[in-house]
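This report concerns only the one structure given below.
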Amino acid sequence: MAEEVDGSCGQNRWDGWFETKYYMEKMVKEAVDRSCGQLAKFSMERFGRDELLAYLADKSGSLRCLRLVSCNQVTNDALINMAEKAVLLVELEICHRSFSADMIKNVGKSCPRLKSFRLNRRGYKWPHKESDDEALAIAQNMPQLRRLHLFGNKLTNVGLRAILDGCLHLESLDLRQFFNVNLEGDLMKSCRDRLIKIRLPNDSTDDYEFDDAIVEGFYDLSESEHNEYIYNNGCSCLLEDQDDEFD
């Protein structure tokens with residue numbers, strides 16, 4: 001059984017955005033109330049604030065899957081609070097929104113059953129910018145991961161090695177648009193020996209559901225792209241109850 005809530009900001013999206021947001025939040029809360037605590041999946045795209053996520057957290061202790069896409073008004077603290085109450089979470093997907101490594105660490109500690117994590121952003125190629133903070137947070141706090149999808153991450157071989165050493169149950173690893181790693185030698189051998197299904201940095205993105213344009217400038221669009229998404233795409237939200245089975 002599933003309930004779907006869809007919204008569009010209309011032709012003049014900026015004029016209708018605030019009114020649409022109010023009614024969308026109202027509909028989401030009503031759908032959450034109807035689930036009577038049995039909500040298992042929640043997806044929110046280009047929409048939502050901390051207050052709405054807190055409402056969901058307080059009323060959805062059975063939540064198993066959470067998906068946030070371009071939710072630029074959701075903060076680190078709200079997601080940490082959500083994770084502390086959604087201890088049964090097994091799947092988390094965050095796309096086109098930057099959060100801190102501390103958020104990842106806290107989510108991993110609060111949700112020990114987490115098996116699937118997707119952290120997707122635009123690929124960033126130039127100038128050469130590196131960061132292993134997110135990779136180390138994953139490696140140290142999400143040991144039960146089976147599936148890891150890190151499209152467009154800035155990690156290096158150090159971060160990738162930490163993930164392989166810390167996530168010993170990995171079955172699939174998506175490394176597309178990783179421009180700071182070199183998979184020759186031990187890293188690739190480790191993946192092959194463990195039969196990890198791997199997507200390489202330059203593999204095709206034909207099946208990728210979001211914009212795969214590579215940033216080649218002096219700034220990272222992950223922090224500013226939300227205005228474009230809101231204007232061009234409207235809002236949507238999907239809620240499902242606990243009829244589905246999870247791995």
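The values are calculated or read from the model by the stated rules, or taken from the named source; none is laboratory data. Not measured: the values here are computed from a predicted model. Cβ: placed from backbone, ideal geometry, glycine included. Neighbour counts: every protein chain shown. All accessible areas refer to the heavy atoms of the entire protein, side chains included, with ligands and DNA or RNA removed. Shrake-Rupley method; radii C 1.70, N 1.55, O 1.52, S 1.80 Å.
Annotations
- The set of residues from segment 99-113 being in a loop (DSSP other than H, G, I, E, B) and buried (at least 22 other Cβ atoms within 10 Å of the Cβ) comprises just one member, CYS111.
- The test for being surrounded by 15 or more Cβ atoms within 10 Å (Cβ to Cβ), touching a Phe, Trp or Tyr at 6+ places or on another chain (Cβ under 8 Å), at pLDDT below 90 and not hydroxyl-bearing (Ser, Thr, Tyr) holds for ARG46.
- Among the residues listed as ASP58, ASP77, the single one being modelled with pLDDT of 95 or more, farther than 29 Å from VAL181 by Cα and either in a helix (DSSP H, G or I) or of a type in the set (S, T, N, Q) (or both): ASP77
- Qualifying positions in segment 66-98 - of a type in the set (Lys, Arg) and either within 15 Å of LYS115 (Cβ to Cβ) or crowded, with 19+ Cβ neighbours inside 10 Å (or both): ARG67, ARG97
- Residues of segment 159-202 classified as more than 17 Å from ALA135 (Cβ to Cβ), touching a Lys or Arg at 6+ places or on another chain (Cβ under 6 Å) and open to solvent by less than 60 Å² (accessible area, probe 1.4 Å), total: 0
- Residue identified as modelled with pLDDT of 95 or more and in contact with a strand residue (DSSP E or B) (Cβ under 8 Å, 6 or more places away or on another chain) among ARG113, ARG147: ARG147
- Selected residue (criterion: farthest from the chain's Cα centre (by Cα)) from residues of segment 188-230 that are modelled with pLDDT of 80 or more and of a type in the set (S, T, N, Q): SER190
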